[in-house]
1. Looking at region 339-378, which of its residues are buried (at least 24 other Cβ atoms within 10 Å of the Cβ) and either outside the structural domain of residue 134 (by TED's automatic domain parsing) or of a type in the set (Asp, Glu) (or both)?
2. Provide a single number: the residues in region 316-370 that are under 24 Å from residue 391 (Cα atoms), at pLDDT 90 or above and of a type in the set (A, V, I, L, M, F, W, C).
3. If you take just the helices (runs of 4 or more DSSP H) that sit entirely in region 222-299, which of them hold at least 1 residues that are assigned by TED's automatic domain parsing to the domain that holds residue 310 and touching a strand residue (DSSP E or B) at 6+ places or on another chain (Cβ under 6 Å)?
4. Could you grab me the full set of residues in region 53-97 that are more than 19 Å from the chain's Cα centre (by Cα) and assigned to a loop (DSSP other than H, G, I, E, B)?
5. Please specify each residue of region 379-431 satisfying the condition of being in a helix (DSSP H, G or I), among the hydroxyl-bearing types (Ser, Thr, Tyr) and in the same structural domain as residue 308 (by TED's automatic domain parsing).
6. Looking at (1) within 30 Å of residue 334 (Cα to Cα); (2) surrounded by 16 or more Cβ atoms within 10 Å (Cβ to Cβ); (3) touching a Lys or Arg at 6+ places or on another chain (Cβ under 7 Å); (4) not charged (D, E, K, R), which is the one condition that is false for residue 132?
7. Find the residue count for region 300-315, including only residues that are at pLDDT 95 or above, among the hydrophobic types (A, V, I, L, M, F, W, C) and part of a loop (DSSP other than H, G, I, E, B).
8. Answer yes if at least one residue in region 351-367 is of a type in the set (D, E, K, R), touching a residue at least 24 places away in the same chain (Cβ under 8 Å) and in a helix (DSSP H, G or I), and no otherwise.
Amino acid sequence: MSKKRFPIKATFLTVVLGLALVAAGCGGGDDNGATGSEDVTGSLSIVAIWGGTEQESFQAVIDGFTELYPNVTVQYTSGGDNTPQLLSTAVEGGNPPDIAAVGQPGLMKDFVDKGALQPLDDLEGAVVDNFGQSIADVGSVDGTLYGIMFKGANKSTVWYNVASFDDAGVSAPETWDDLQSTATTLGDSGISAYSIGGADGWTLTDLFENIYIRTAGAEKYDQLASHEIPWTDQSVKDALAEMAKVVGDYAVIAGGKDGALQTDFTTSVSNVLTDSPKAAMVIEGDFVPGVVETTLQPETGYNVFTFPSIGGSAPAVVGGGDFFVEFKSSPAATAFMEYLTTPEAAEIWAARGGFSSPNKNVDASVYPDALTEATASGLAEAETFRFDLSDLQPSAFGGTVGQGLFKLFPDFVANPSDIDGITQQMEDEAQKAFG
């Protein structure tokens, strides 16, 4: 692959041979870590956000489980973007599913505070062995493990249409200033630089977080995530000023201001990953290629570069992930949660694409192409990694459609000059959420 077009560090994930059994209940004599039993019976209800091709891939993971546990039936329901609200309502009504995947540690903590989740003490060793202590920590509340991060995401990536870059005579930028000049050159060549999915507010929080960790640093990032500093802090204002160079420059956005605010995430991707692009770049995570069907081929049709350095900032990865939590304890639920800690469960989805596993024992050769393998490597090997900041917030502030940050960042796109006003609104909402 061309280094010019793919400056992400392309060293591969570590392949661990002779993997030990991941947990005490798995049984002996099987080197692959995933074992089953006909003795476990029952039925499971599982809720997660995934629909479409992602639902098909997760169903394949479920099928792998039921092959191991043939006397367990599993019913999966996609909650879509409303999954947090659906789960919160179910918990309040006393009828949650057996198991669910949540993308916000803040929401997981809400459920723990309500006494709704089962602790996963017996799986802590397996989680640390397969995912590492940092992942176990993010899945823990007050030192107790409640969540298994099954699906990860490297959100510090920018995807681009190769033909659009070639036609404009530009290459993948490595610095923030280079990105701005690249956007201008692309516009001069007749193609919008960016496709912004601002109708889904989380795409904008992702952009802010990548800018903030590069302008403010990891320590400030942690302080803002825990509300130790206010959203009116100068570091937030500085990051928003940089963000405005992208979302406030309507001339280089597909559809201009209205396009930035009315385009949903899926459409923002399809605008770029096509042979008739409306924009050259979409700034989002490693899951971008799995969102839409495209005739373009990896590397030759579309490619990716690491989110650029700002002012000489050190490399950093902002990531997200989906944590499986257990609402109702049963032998079948325990078996499924244990299954999710194994590399074999992750490899089923990894082989299908649109998936990065934080499980360090996954065989990297199962990823379907070099781009997916390398972005997954970026997630696993990041020296500075921080979890998606909005997902660490109380759900009402950082994880609910039409509320909190998911409303205020689109408001900022609509009026990027009023940084003082929007940061005050953010701080007001944060104070309500944190209490």
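The values are calculated or read from the model by the stated rules, or taken from the named source; none is laboratory data. Since this is a predicted model, take the numbers as computed values, not measurements. No Cβ is skipped: glycine too gets one built from the backbone with ideal geometry, and neighbour counts run over all protein chains shown.
1. 347
2. 12
3. On the way: elements: 234-247, 256-262, 265-270.
Answer list for region 222-299: 256-262, 265-270.
4. Selection gives 69, 70, 71, 93, 94, 95, 96, 97.
5. Step one: of region 379-431, the residues in a helix (DSSP H, G or I) are 379-381, 390-392, 395-398, 404-414, 419-431.
The next check asks that each one be among the hydroxyl-bearing types (Ser, Thr, Tyr); those that pass are 390, 395, 423.
Within region 379-431, 423 is the sole residue that qualifies.
6. (2)
7. 2
8. Pass one, region 351-367, residues of a type in the set (D, E, K, R): 352, 360, 363.
Subset that is touching a residue at least 24 places away in the same chain (Cβ under 8 Å): 352, 360, 363.
Adding the requirement that they be in a helix (DSSP H, G or I) leaves none.
Taking every residue of region 351-367 in turn, none turns out to be of a type in the set (D, E, K, R), touching a residue at least 24 places away in the same chain (Cβ under 8 Å) and in a helix (DSSP H, G or I).
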